[in-house]
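Reviewing the structure listed below.
The values are calculated or read from the model by the stated rules, or taken from the named source; none is laboratory data. Please read all numbers here as calculations on a predicted model, not as lab measurements. FYI the Cβ positions are ideal-geometry reconstructions off the backbone, even for glycines, and counts take in every protein chain you see. Ligands, DNA and RNA are stripped out before the accessible areas are found, and what is left, the full protein with its side chains, is counted by its heavy atoms. Shrake-Rupley method; radii C 1.70, N 1.55, O 1.52, S 1.80 Å.
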Amino acid sequence: MKIAAARLRYGGLIAAAVMALTAAVPPLALRWVDQARQEREQSVARLTAVHRVHELLTEAESGQRGYIITGQEPFLLPYHAALAELPAQEQRLLQAYADASAAERAQVRELLARAARKQEMLAAALALRQQGDFAAAQAMLASGEGRRQMEAVSALVNTLDSGERGALDRLEDSLRSKIWRAMAFSLASTVLTLVLLVYLARTILRTIRDREQAAQVAQRTSRQLQAGVAALRHRNEQISLLGEMSRTLHTEMTLDEVLEVTRLYAARLLPGTAGALYLADGRDAALHCAAAWGPPPAPGAPLEPADCWGLRRGVVHRCGQSHDLRCRHIDAAAQARPAGETHICLPLTAYGERLGLLHLRASAPADAVTPADACAAADAAAAGDWRDDWCDDLRSMAEAIAEQVALTLSNVRLRHVLREQSIRDALTGLHNRRYMEDTLARELARAQRNGTPLSLIVADLDHFKQINDTHGHPAGDAVLAAAGQELQRHLRASDVACRYGGEEFVLILPDCDKPAALAKAQHLRDALRTLHVVEDGQRIPVTASFGVAACPRDADSLRTLMDAADRAVYRAKREGRDRVVAAEADAMAA
């Protein structure tokens, strides 16, 4: 009895202490919430100030651009309104970050400095437009400097935004953790109080047995929670890495860069696997291995679509069991590998176009079953379910990768096609006039900077209108195409051949002086003389008049160089055509 009474007193004291601690939890939790609210309001104020400065700069730039383009005064209303509000917002921004870290204050100062530079650029362009110099104002807009300054401002805004949002997330996580701890402590203390009351009413042996059972349940629950948290952490890491891969692939890059990014991220997202990326060859139906990770695939002939069930059916195909359909492209060595190895074939398609194939090889890791999983996989059926889950996870991740890669490959091809269409003449395959002007300006600047010669040859086909009138426009097109190909065939790799317009061609010869250019023009004239285009059984002779000009001998600017070459062509036409004439007084007749 004395022992029971002592235990009763001790139990009562412990229960009172627990209840007192429980009563102290709500005030403490309220204090945490209030502190978190204040910190959150401060972060929200910072975010608001940062984004307001960015919005005002954007509004000012929009108003300024609208005025410069249209010349209408109402477009200046948002410009002046934004500039009037900017100083106050910048002061609020400085005040909001007054107690921030040194790095954040430095970022805010840099943001304000760039905003000031942006305002100066806006004011300068606006002043030019108001003075009536629309061309100069338009040139400032087209220079891209304003866009780069705005991109720098946006990058700083995004950096500050990410920092503050990260701080908000950490604050929320910390507050949530504290509240959960408070709730858990309160609940645990209440349960403990009840347990103590029951313990005092029961025998010592019953209490010990209940405590042992509770400890076993807690240990088992803890193991399950640890396994679940580990799986969730791994899944979050995969999602984060997949998002990083997607953002990287969305940047403009070449095909080789796309393949390298795919190879690196696939190896990280699918650890323990081996795979290869096959791309369709535009010349035939075969697919060729373009990238691989893990143990390389066995070398062999190009993959034929008929050898892969995934390509034949147009859907994801998986084979891992003896009764599964097996693709013929799986190398012979794989036939002797363990039965647990799984192959996944994922066709890469985008917008209805087959781009390639992503092929994976993987084996279930021997240590993939956690202690918690071991309890669930006690029988063969459960173990089979676990293997199916592993395969499903692997397949879902591979499908996400394949989708991103397919879209990126399609975008790369589309960008290549659009670029070629924008700089190529469709009839002759030569570069067009726009590309010629850009290239000539660039080569002229390089020649002047390095002190090297640059020559320009203008070729104009003779009697082209007569060819069209006599043989028809299809024959004229055939003559243009043949002449363009013949000119291109006799040029160096560094030379640039362009169709300037109509029957006129322009040849840019870097690092070539005037005598060498005249010799090249003579050679091209002789080559065109031997060219005969057959149309409807009739042979059409092709000749051209050539004008040659050189920098710095004849001109020192794009316009004057073109004019000098054009005048030489006109002289060649007047002197009888089918000849080469040099610019100015250095004419050389055929």
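Descriptive notes on the structure:
- Residue list for segment 208-256, restricted to those being within 11 Å of the chain's Cα centre (by Cα) and surrounded by 12 or more Cβ atoms within 10 Å (Cβ to Cβ): GLU244, MET245, SER246, THR248, LEU249, HIS250, MET253
- GLU399 vs. criteria modelled with pLDDT of 90 or more, more than 19 Å from ALA527 (Cα to Cα) and of a type in the set (D, E, K, R): no
- Of the criteria (1) closer than 30 Å to ASP536 by Cα; (2) among the hydrophobic types (A, V, I, L, M, F, W, C); (3) in contact with a strand residue (DSSP E or B) (Cβ under 7 Å, 6 or more places away or on another chain), which one ILE508 fails: (1)
- For segment 109-134, residues that are open to solvent by 70 Å² or more (accessible area, probe 1.4 Å), in a helix (DSSP H, G or I) and without any contact (Cβ under 8 Å) to a residue 40 or more places away in the chain total 4.
- Selection of segment 156-187 for residues being closer than 15 Å to GLU104 by Cβ and exposed (fewer than 12 other Cβ atoms within 10 Å of the Cβ) yields SER162, GLY166, ARG170.
- If you check ALA17, ALA96, ALA106, ALA102 for being open to solvent by less than 60 Å² (accessible area, probe 1.4 Å), within 37 Å of the chain's Cα centre (by Cα) and farther than 17 Å from ALA155 by Cα, only one passes: ALA96.
- Criterion (closer than 28 Å to LEU394 by Cβ, part of a helix (DSSP H, G or I), of a type outside the set (Phe, Trp, Tyr) and modelled with pLDDT under 85) met by exactly one of ARG247, ARG223, ARG235, ARG206: ARG235
- The set of residues in segment 531-569 being open to solvent by 90 Å² or more (accessible area, probe 1.4 Å), out of contact with any Asp or Glu (no Cβ under 9 Å at 6 or more places or on another chain) and at pLDDT 90 or above consists of ARG559 alone.
- Qualifying residue in segment 366-374 (condition: in a helix (DSSP H, G or I), at pLDDT below 80 and among the charged types (D, E, K, R)): yes
- Consider segment 48-71 and keep the residues that are among the β-branched types (Val, Ile, Thr) and open to solvent by less than 20 Å² (accessible area, probe 1.4 Å). The one that is nearest to LEU86 (Cα to Cα) is VAL53.
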